[in-house]
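The values are calculated or read from the model by the stated rules, or taken from the named source; none is laboratory data. It should be emphasised that the depicted structure is a prediction, and the values quoted were computed from it without experimental measurement. Every residue, glycine as well, gets a Cβ built from its backbone with ideal geometry; the counts of neighbours run over all protein chains shown. Heads up: the accessible areas ignore ligands, DNA and RNA and are worked out on the full protein's heavy atoms, side chains in. Shrake-Rupley method; radii C 1.70, N 1.55, O 1.52, S 1.80 Å.
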Amino acid sequence: MRGRLNNKLGEIQIHPDVIAQCAGNAAVECFGIVGMAAVNMKDSLTRGVDVEIVDNHIHINFHVIVAYGVNISAVSENLMESVKYKVEAFTGMEVDRINIFVEGVRVID
């Protein structure tokens, strides 16, 4: 389902893949996130990110790979806060839920 925003001139529809791209870009900028796990067959910008829009509220699932030695809880909290802020600013819609699935750990140089 697409996100819908109405204004005085008409309607704006936002495809979930657009939101996934925004969320994915925000995620890889977060400290401790090494990359996104390939759990779906989408393009590289939305790989590891699933977006669902329910009653104009956004639910995001991330499948991530974290850096070895980081505090997963702290990295996840930072990811949630950063993505929520950036996606809400980008879309004008509310992010209700962000789920994080740690799919792997990688040692980085």
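In sequence order, the range 94-109 has phi-based couplings of 8, 8, 8, 8, 10, 10, 10, 10, 7, 9, x, 10, 9, 7, 10, 7 Hz under the Karplus curve 6.51 cos²θ - 1.76 cosθ + 1.60, θ = phi - 60°, and Gly or Pro positions carry x. Of the GluC sites (Glu not before Pro) found in the range 19-109, the ones in coil according to DSSP and having at most 16 other Cβ atoms within 10 Å of their Cβ are Glu29. To the nearest 10, the accessible area of Asp55 is 130 Å² with a 1.4 Å probe. Computed from phi, the 3J(HN,Hα) profile of the range 23-31 under the Karplus parametrisation 6.51, -1.76, 1.60 (θ = phi - 60°) reads 5, x, 5, 5, 5, 6, 7, 7, 4 Hz, with x in place of Gly and Pro. Helix-only arithmetic for the chain: the sum of -39500 (n - 2.57) across DSSP H runs with n ≥ 4, divided by the residue total, places the mean residue ellipticity at 222 nm at -10000 deg cm²/dmol. Nonpolar atom fraction for the range 1-101, defined as the carbon and sulfur part of the 1.4 Å probe accessible area, stands at 51 percent.
Annotation: amide H of Ala37 within the under-5 Å range of His63, Val64, Ile65, sequence separation 5 or more or interchain, hydrogens built in the peptide plane.
Quick one: divide the alpha-carbon radius of gyration of the chain by 2.2 N^0.38 Å and tell me what you get. Before the final figure, lay out each step's value.
Working: Rg = 14.4 Å, N = 109, 2.2 N^0.38 = 13.1 Å.
Relative to the 2.2 N^0.38 Å estimate, the chain comes out at 1.10.
Rounded if a/c is under 1.5, else prolate if a/b beats b/c, else oblate: with a ≥ b ≥ c from the C-alpha gyration tensor eigenvalues square-rooted, which is the range 68-109? Provide the component values of the computation, followed by the final result.
Details: a/c = 2.90, a/b = 2.46, b/c = 1.18.
The shape class here is prolate.
Taking all protein chains together, Met80, Met93, Met36 sort by accessible area into Met80, Met36, Met93, largest first [probe 1.4 Å]. Can you tell me the 0 to 90 degree angle between the C-alpha axis of helix 72-91 and the longest principal axis of the chain, rounded to 10? Helix 72-91 sits roughly 20 degrees off the main axis of the chain.
Quick check for me: using +1 on Lys/Arg Cβ and -1 on Asp/Glu Cβ, what's the dipole size of the chain about its Cα centre, in debye to the nearest 20?
Details: 9 positive and 14 negative charges, 32 e Å.
With only Lys, Arg, Asp and Glu charged at Cβ, the dipole is about 160 debye.
Could you tell me which of Val75, Gly3, Phe62 has its Cα farthest along the dipole of the chain towards the positive end, charges placed at Cβ (Lys, Arg +1; Asp, Glu -1), taken about the Cα centre? Going by the Cα projections, it comes out as Gly3.
When Lys and Arg each count +1 and Asp and Glu each count -1, what net charge do the other residues less than 13 Å away from Lys84, Cβ to Cβ, add up to?
Numbers: positive: Lys86, Arg97; negative: Glu77, Glu81, Glu88, Glu94, Asp96.
With Lys, Arg at +1 and Asp, Glu at -1, the net is -3.
Top mean-square fluctuation among Ala74, Ala27, Ala38, Gaussian network model of the chain, C-alpha springs under 10 Å? The residue that fluctuates most here is Ala74.
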